[in-house]
Amino acid sequence: MTIKKADKQWLLDIRPERRDGPRLRKKFDTKAEAQRYEVHIKSLAAQGKAWNPNGDTRRLKDLIEVWYSNLSINLSNNLKLNKPI
């Protein structure tokens, strides 16, 4: 749970769910912004609400299939890319 000066920005480095939980690192322009965000994230974690609702839960295989169906069609060697991993 630290806020440090990194170059010209402030780096927030916390673990809202104690040491076993995921780590959150984010840069801010001012120290006050970093402190406000830290308090906000801690309050969400204390209430039991999801402080990281945008986490992607898809597997790598699913992401590869989406990528292949959307982007690799235009490649000249697209048949080679569709091999199972």
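The values are calculated or read from the model by the stated rules, or taken from the named source; none is laboratory data. None of these values were measured; they are calculated from a predicted model. Here the Cβ is made from the backbone with ideal geometry for all residues, glycine too, and neighbour counts use every protein chain on show.
For residues that are outside any strand (DSSP E or B), among the acidic types (Asp, Glu) and within 18 Å of the chain's Cα centre (by Cα), tally how many sit in the range 1-38.
Result for the range 1-38: 3.
Collect the residues in the range 1-22 that are under 20 Å from residue 47 (Cβ atoms) and modelled with pLDDT of 85 or more, keeping them in residue-number order.
12, 14, 15
Can you tell me which residues in the range 19-48 are in contact with a helix residue (DSSP H, G or I) (Cβ under 9 Å, 6 or more places away or on another chain) and not aromatic (Phe, Trp, Tyr)?
Listed by number, the residues that qualify are 21, 24, 26, 27.
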